[in-house]
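The values are calculated or read from the model by the stated rules, or taken from the named source; none is laboratory data. If you're wondering where the values come from, they're calculated on a predicted model, not measured in any experiment. In this analysis, Cβ positions are derived from the backbone assuming ideal geometry, glycine residues included, and neighbour counts consider all displayed protein chains. All accessible areas refer to the heavy atoms of the entire protein, side chains included, with ligands and DNA or RNA removed. Shrake-Rupley method; radii C 1.70, N 1.55, O 1.52, S 1.80 Å.
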Amino acid sequence: MSEPAKKAVIIGSGISGLTAAYHLLQCGYEVKILEQHYEPGGFTHTFKRRNFVWDIGVHYIGQMGSEKYLSRQIFDVMSGGKLQWAEIGPQIDRLIFPDRSYNLLKGKEAWLETLIEAFPEDEYGLTLLMEDIKKIARSTENFFMEKALAQPLAWIAGPFLRRNFLKYANMNTKYALNKYSKNPKLHGVLAGQYGDFGLTPARSSFAMTAMIINHYLNGAFYPVGGSKEIAATILAEIQRRGGSIQTRAKVKSIQLHEKRVSGLRLEKGEFIPADIVISSAGVFNTFTQMLPEELKQKDKLQSKLEKVSPSAAHICLHLGLDQSAETLHLPKTNHWVFPDYDHDGATERFLKDIKAPFPVVFISFPSAKDPAWKESHGETATIEAISLAPYEWFEKWQKQKVMQRDDEYNDLKEILQERLLSSVTNLFPQIKNHIIHAETSTPLSTKHYTNYQRGEIYGLDHSPQRFRQRWLRPKTSIPGLWLTGQDIVTDGIVGAMMSGILTVAAITGKNLLKQYKK
């Protein structure tokens with residue numbers, strides 16, 4: 001008789017958890033996913049009001065335009081070919097500063113040509129930067145795949161596999177950009193997409209800035225039918241292959257027997273046995289919220305956590321309009337609005353004084369990006385406007401129930417909402433008489449629906465210090481407990497997806513990418 005399949009339980013149904021589940025099923029495991037929310041998908045899920053639907057965290061994704069891209073191949077396989085992508089267009093992002101705007105275009109040549117036209121004196125520096133961006137992109141595979149190696153091989157080969165990437169990751173963005181130009185305006189443009197990971201140039205790793213630029217060089221895409229289709233199509237394949245999911249299943253603690261993981265205890269009291277547990281809930285949640293007290297002291301976990309920080313929290317304005325994106329002439333291009341080329345200075349002023357201008361407002365048009373919108377939602381449209389907002393501003397209301405917080409909280413939300421709305425209507429005045437729904441989420445909303453304790457949306461800060469932490473890898477010091485998610489690789493849908501594969505590769509010792517690379 002063959003041995004029974006090993007039982008794997010995955011905490012969280014975001015894209016990293018779903019990816020891990022799919023590949024564990026391929027490797028013969030029995031898989032169960034636990035999701036504390038009532039809807040699976042993590043930051044890929046959506047929420048609805050009236051006939052409007054808004055995304056929680058997906059606004060555009062790169063490297064989906066062709067089957068030659070590994071990430072596209074993986075999505076195609078995991079979704080059974082059902083997940084479709086719509087291209088945003090040649091103009092991906094528009095960066096708007098007080099004196100002028102800059103368009104970030106699809107294609108290395110177009111990207112360079114546009115910026116060289118704006119900064120002709122920096123042509124050599126921009127060309128050199130593009131060469132280095134490609135070097136960084138090539139170095140990422142070795143750096144992240146090293147995390148899946150077993151000891152002692154990781155200690156022997158690790159320094160060589162990590163070296164090229166760390167040469168760039170160890171520098172902050174502000175320092176690194178001086179190599180290519182001394183022009184502070186060009187610095188502000190090159191770092192303008194920092195909102196995609198939430199850390200300003202003086203604090204962020206240059207490797208992360210370069211990876212974001214590279215990610216969108218060959219176009220940006222949006223899932224047809226909205227971001228909910230990502231989880232829906234993959235989960236259908238997981239269930240078809242015998243995997244299961246349990247929603248409203250918040251984990252209280254990871255259980256051990258004879259110093260090895262034996263399963264999970266849910267807040268409602270249910271015990272779920274497991275041979276292995278994979279947490280995609282983030283390292284802070286996993287190590288501070290779910291471990292027995294005696295294990296929190298093991299291997300100096302607290303001192304390790306002190307070397308990393310939660311990423312930025314945010315507020316998001318969700319608008320519903322009574323005419324279509326086409327009728328209102330809403331673009332597919334994302335718009336970024338800045339008060340200054342100095343992102344660090346603008347952020348510092350805002351954190352000291354809430355009345356200061358938002359350091360960035362990111363405006364996205366999901367209904368314009370989705371070719372299936374009109375079929376499901378008729379002659380309507382949606383807009384999302386996002387900015388940074390520290391958790392500390394809202395912390396005193398954290399114990400009040402969602403949708404039942406007091407007038408002071410709602411007044412603060414109203415003030416911030418009106419300011420975000422002004423940023424949108426200043427650029428698109430034609431929408432003013434067509435807004436029939438406006439709602440703003442805060443870091444407390446993020447905490448409630450995703451369980452990130454400080455309302456963070458990008459996991460850990462993408463600082464140089466973060467990339468130096470060798471303990472941020474799938475295997476933990478606790479036998480049977482594994483990690484996955486954006487804290488293990490990087491933020492974003494593709495980063496989280498790759499972390500799911502990395503974790504299963506570390507568990508099984510198999511090169512799972514062989515089935516994809518052509």
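Name the single residue that is farthest from residue 427 (Cα to Cα) among those in the stretch 354-379 being open to solvent by less than 20 Å² (accessible area, probe 1.4 Å) and among the hydroxyl-bearing types (Ser, Thr, Tyr). Of everything passing the filter in the stretch 354-379, 367 is farthest from residue 427 (Cα to Cα). Of the residues making up the stretch 461-513, those that are in a loop (DSSP other than H, G, I, E, B) and charged (D, E, K, R) are 461, 468, 470, 473, 487, 491, 510. When the helices (runs of 4 or more DSSP H) confined to the stretch 133-224 are screened for residues that are within 16 Å of residue 492 (Cα to Cα) and either under 17 Å from the mean Cα position of the chain (by Cα) or at pLDDT 95 or above (or both), those reaching at least 3 such residues are found at 206-215. Per the conditions (1) in a helix (DSSP H, G or I); (2) touching a residue at least 24 places away in the same chain (Cβ under 8 Å); (3) within 30 Å of residue 505 (Cβ to Cβ), the sole criterion not satisfied by residue 121 is (3). Selection over the stretch 262-313 of residues that are in a loop (DSSP other than H, G, I, E, B) and either among the hydrophobic types (A, V, I, L, M, F, W, C) or closer than 25 Å to residue 496 by Cβ (or both) gives a count of 14.
When residues of the stretch 292-314 are filtered for being more than 25 Å from the chain's Cα centre (by Cα) and touching a residue at least 12 places away in the same chain (Cβ under 8 Å), how many remain? Summing the residues that are more than 25 Å from the chain's Cα centre (by Cα) and touching a residue at least 12 places away in the same chain (Cβ under 8 Å) in the stretch 292-314 gives 4. Residues that are at pLDDT 95 or above and among the charged types (D, E, K, R) number at least 2 in the following helices (runs of 4 or more DSSP H) confined to the stretch 340-387: 343-352. Checking each residue of the stretch 227-246 against the condition of being on the phi > 0 side of the Ramachandran plot, at pLDDT below 95, crowded, with 23+ Cβ neighbours inside 10 Å and of a type outside the set (Asp, Glu) gives no match. On the phi < 0 side of the Ramachandran plot and open to solvent by less than 20 Å² (accessible area, probe 1.4 Å): does that describe residue 256? Considered against the rule, which asks whether it is on the phi < 0 side of the Ramachandran plot and open to solvent by less than 20 Å² (accessible area, probe 1.4 Å), residue 256 comes out as no. Taking the stretch 1-53 as the range and being aromatic (Phe, Trp, Tyr) and within 30 Å of residue 378 (Cα to Cα) as the test, the residues that pass are 38, 43, 47, 52. Within the set 437, 462, the sole residue that is over 27 Å from residue 193 (Cβ atoms), touching a residue at least 24 places away in the same chain (Cβ under 8 Å) and not acidic (Asp, Glu) turns out to be 437. Residues in the stretch 442-490 that are within 30 Å of residue 142 (Cα to Cα), in contact with an Asp or Glu (Cβ under 9 Å, 6 or more places away or on another chain) and open to solvent by less than 30 Å² (accessible area, probe 1.4 Å): 457, 459, 460, 462, 466, 472, 473, 476, 478, 480.
Taken over the stretch 414-441, the residue count meeting the criterion of being open to solvent by less than 70 Å² (accessible area, probe 1.4 Å), assigned to a helix (DSSP H, G or I), aliphatic (A, V, I, L, M) and over 15 Å from residue 96 (Cβ atoms) is 3. For the stretch 302-332, a residue qualifies if it is within 30 Å of residue 258 (Cα to Cα) and buried (at least 20 other Cβ atoms within 10 Å of the Cβ), but none of them does.
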